[in-house]
Structures are given as C-alpha cells and as structure tokens.
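K.L.:
Structure below; questions to follow.
Please treat every number below as a calculation from the coordinates, not as lab data. What you are looking at is a predicted structure, and each value in this text was computed from that prediction instead of being measured. Here Cβ is always computed from backbone atoms with ideal geometry, including for glycine, and neighbour counts include all displayed protein chains.
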Amino acid sequence: MRSFGRRATFAVEVGGLPAFAVEAGATRATNLREVDVWAGGRRLTCHDNTAFVPTLVHHMRSTAELIQQRAIPPSPFPWRSPAEVFRLLNANDSEFRQRFWLLHDWDEILDNVETYAWLDDQLVIACRIQRPIRSEVFVARLDPDECVTTINEAVDFLAD
C-alpha cells in the first residue's frame, strides 16, 4: 500500500488488486485497484474501495485542477459552522449546492459519502458518510496546495 497525504487532513492510499479479482486469477495488469480516501481523520471509503483506475484517475485530475485554479467558491454562509454550512447546502435542492461539490465524481469509491467544499483561509471539506442509523458531519481543513499535491502524487502512482 502506498500512502499520499496525511490521514488527519486528506490522504489517498493505493493498494493492490481487490480480493475478488485476485481470487478470480487476475494479474496486476487489470485496471482495478483498492483505493482508500481519508478526510479529517476518517476513512471515506468504508463501503467500497474498488476503483476502476482510468475513470478514477480522470476524476482525480479534474479535482486537483479545480483546487489548483482556486475555482472553489468561498463559504456561502461564513458566519455558520462547517457542519451548519453542510446541512444548509444539503437541504438546498437547487443547482446552487452543486457549486460546492467536491469529490462528487469519485463516486465509484465514495458512493455513500456526501462532500461539500469551500475556500476560506484553507480548503474546507465537510463530509458525511451515509449510514442507516447515524450520520455525522465532519470536517477536514488543509492548505489547497497540499491537497493538490496529495491528489497528483496518487494519480501519478496510479497511472504508472
């Protein structure tokens, strides 16, 4: 397993072939890999971490570019806590909330995770893992360039 970034803020961990692929006799040449994503000290890929590498690499590059260009808006409600901002955005069914989606296209491994992000002094990523009983909002804060570096290093490793 190769790790990029810091679990406490944002990390991507790339493993080998998924167990079902190994059992089926797949070789390293397959396009499937286990990929775990961490934000704010929590593993986001707790439901499914099997990634189709070409698709995930494309979406990861797009996310890194978006962050690098600072194309993420500031908090829509700067006087509110990140958890409150998350709840307000999540309750909004209009296209407004889509401006704050981050990691949304990584849904093959984050299909049970909702994330919104905004740029203040730092990149703020508010997340919620959808669970049947209790879903708690948690937050990762990090330097945008650190996030871009983490994603790009993971992409380079995956693309090799």
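K.L.:
What does the highest-first list of 72-85, 115-128 look like by mean Cβ count within 10 Å? It would help to have the intermediate numbers written out before the result.
P.N.:
On the way: 72-85: 14.1, 115-128: 20.4.
Top of the packing list down: 115-128, 72-85.
K.L.:
Please give the length that would be gained between Ser62 and Ile133 if that part of the chain were fully extended, namely 0.36 nm times their separation in residues minus their C-alpha to C-alpha distance (nm, one decimal).
P.N.:
22.2 nm
K.L.:
Across bins of 5 angstrom width beginning at 0, how are the C-alpha pair distances of the range 57-111 distributed, in whole percent?
P.N.:
Distribution as computed: 4, 17, 23, 24, 20, 11, 1, 0 percent.
K.L.:
With a length cut of 18 Å (Cα positions projected on each helix's long axis) and a Kyte-Doolittle mean of at least -0.5, go through the chain and give me the DSSP H helices that pass.
P.N.:
The answer, listed by residue number, is 53-68, 144-159.
K.L.:
Same structure again: How high is the FRET efficiency from Leu32 to Asp105, r the C-beta distance, R0 30 Å, rounded to 0.05?
P.N.:
For R0 = 30 Å, the calculated efficiency reads 0.95.
K.L.:
Just from its helices, what would the mean residue ellipticity at 222 nm be for the chain, if runs of 4 or more DSSP H residues each count -39500 (n - 2.57) and the sum is divided by every residue, rounded to the nearest 500 deg cm²/dmol?
P.N.:
Rounded to the nearest 500, the figure is -9000 deg cm²/dmol.
K.L.:
Would you kindly give the portion of the calculated P(r) for the range 1-122 that falls above 17 Å, as a percent of all Cα pairs?
P.N.:
That tail contains 62 percent of the Cα-Cα pairs.
K.L.:
Return the distance in nm (one decimal) between the two label points of a simple spin-label model at Glu84 and Phe52, each offset 7 Å from Cα along Cα→Cβ.
P.N.:
Using points 7 Å along Cα→Cβ, the separation is 4.2 nm.
K.L.:
Here is a follow-up. Using amide H atoms built 1.01 Å from N in the peptide plane, name the residues 5+ places from Ser75, or on other chains, whose amide H lies under 5 Å from its own.
P.N.:
Hits under the 5 Å cutoff: Leu119.
K.L.:
How high is the relative contact order of the chain, given as a whole-number percent (alpha carbon pairs under 8 Å, six or more residues apart)?
P.N.:
27
K.L.:
What's the percent breakdown of Cα-Cα distances in the range 107-160 across 10 Å bins, shortest bin first?
P.N.:
Pairs per bin, as whole percents: 21, 40, 32, 7, 0.
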